[in-house]
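For reference, the structure is listed below as structure tokens.
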């Protein structure tokens, strides 16, 4: 065999060897921004408690290199350095963590931070996990960003199954007043995550007919709707319930509270089935008192 023939054979064999599939991909976030990834993210700063919890649930907790001061679940997240707040974040603190991906809550307050980080060549995903359907979508988005798409599908399937098992028949239980704030009174409406938990637990949100996530209400409006129960998220009685002007609400006056606790009630995530089960149990207990 001549030298030329041998060279041709070697080149032909090299061309026949399968080449690895390219690892680059593009993801579009909840702000509609398309971001190109050369490879799955290996160092992630999460500026939302919900996305921090999601990252761990996807098996990507070891990639977390920065979190907000509010990211308290799971317990392993507390070992990761805090970069401060999640809205209008400290860019210098974020950069010090050397991330190749930053997860931001989609908000006008974060628009400037997202633009600055992108200008520095750091991938940013703006996500808006406000309802359980948002969780399903963003679980798959983040899973793809860290190179674990199958983990996203598995997590969504498991959460959906757990939620189905935990849910009660809709609209058959008591009416529940849920306030996000008490001065002025800000009621939880039908466009919120907490409304979904209330409905899944078989109760009826007092202001669930309002599409807005939350809005200011008057005590007179609460009296007119006359809730059966007052939702108390936390270990203590709601502060507003001790104020004289609230005693005109029968449920407040008779201390008909349904008590639950835990961050799973204020962030859509993998623990929604546990939140629904806990609220169902609390409502059942209140009905037996």
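The values are calculated or read from the model by the stated rules, or taken from the named source; none is laboratory data. What you are looking at is a predicted structure, and each value in this text was computed from that prediction instead of being measured. When we count neighbours, we look across all protein chains shown, and the Cβ atoms used for this are built from the backbone with ideal geometry, even at glycine.
For the stretch 77-90, a residue qualifies if it is modelled with pLDDT of 95 or more and either crowded, with 17+ Cβ neighbours inside 10 Å or not assigned by TED's automatic domain parsing to the domain that holds residue 128 (or both), and the qualifying residues are 77, 80, 83. Among the residues examined, residue 211 does not qualify as out of contact with any helix residue (DSSP H, G or I) (no Cβ under 7 Å at 6 or more places or on another chain), assigned by TED's automatic domain parsing to the domain that holds residue 137, surrounded by fewer than 17 Cβ atoms within 10 Å (Cβ to Cβ) and over 18 Å from residue 261 (Cβ atoms).
Does residue 157 satisfy being at pLDDT 95 or above and buried (at least 17 other Cβ atoms within 10 Å of the Cβ)? Against the criterion (at pLDDT 95 or above and buried (at least 17 other Cβ atoms within 10 Å of the Cβ)), residue 157 does not qualify. Can you find a residue in the stretch 109-120 that is closer than 20 Å to residue 267 by Cβ and either at pLDDT 95 or above or not in a helix (DSSP H, G or I) (or both)? Checking the stretch 109-120: not a single residue is closer than 20 Å to residue 267 by Cβ and either at pLDDT 95 or above or not in a helix (DSSP H, G or I) (or both).
Going through the stretch 214-240 one residue at a time, which ones are in a helix (DSSP H, G or I) and buried (at least 19 other Cβ atoms within 10 Å of the Cβ)? If the condition is that a residue be in a helix (DSSP H, G or I) and buried (at least 19 other Cβ atoms within 10 Å of the Cβ), then 222 is the only one that fits. Just so you know, in the stretch 55-76 the residues that are in contact with a strand residue (DSSP E or B) (Cβ under 8 Å, 6 or more places away or on another chain) and outside any loop (DSSP other than H, G, I, E, B) include one that is surrounded by the most Cβ atoms within 10 Å (Cβ to Cβ), and it is 67.
Only a single item in (1) outside any helix (DSSP H, G or I); (2) modelled with pLDDT of 90 or more; (3) in contact with a strand residue (DSSP E or B) (Cβ under 9 Å, 6 or more places away or on another chain) is not met by residue 279, and it is number (1).
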